[in-house]
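Q: Quick one: this structure, given as structure tokens, is what I'll be asking you about.
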């Protein structure tokens, strides 16, 4: 069983949240780190898939659609995590993501979409 490795898209790439997750020993790669700024949501998910990482985003609607399409087409992904309420504090975002990722494995995230 392996730890979840996170890919943060441009939508959710708040510096304070990324730093907070890294200090809590979450393996985080941002779209900036991957040189994927301005990529479409579909391209961001494809990048996460190629890197075997779970994508973290705020874009609920688009990623719910992409998740459904992937399931219908039999295309696997390494998980999608969204926080629908973007207004929650930086600390709350860090707590939600950390608590969740400390409770699941990468294998358990396969083809899963989770709302935190």
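Any read-out appearing in this document is the output of simple, stated calculations on the displayed coordinates, not a laboratory observation. No experiment lies behind these values; they were computed from the predicted model shown. Please note: Cβ atoms are built from the backbone with ideal geometry, for glycine as well, and neighbour counts cover all protein chains shown.
Q: Which of the residues belonging to the range 1-11 are under 16 Å from residue 57 (Cβ atoms) and assigned to a loop (DSSP other than H, G, I, E, B)?
A: 4, 9
Q: Hey, among the residues in the range 86-107 that are in contact with a helix residue (DSSP H, G or I) (Cβ under 7 Å, 6 or more places away or on another chain) and more than 21 Å from residue 51 (Cβ to Cβ), which one's surrounded by the most Cβ atoms within 10 Å (Cβ to Cβ)?
A: 93
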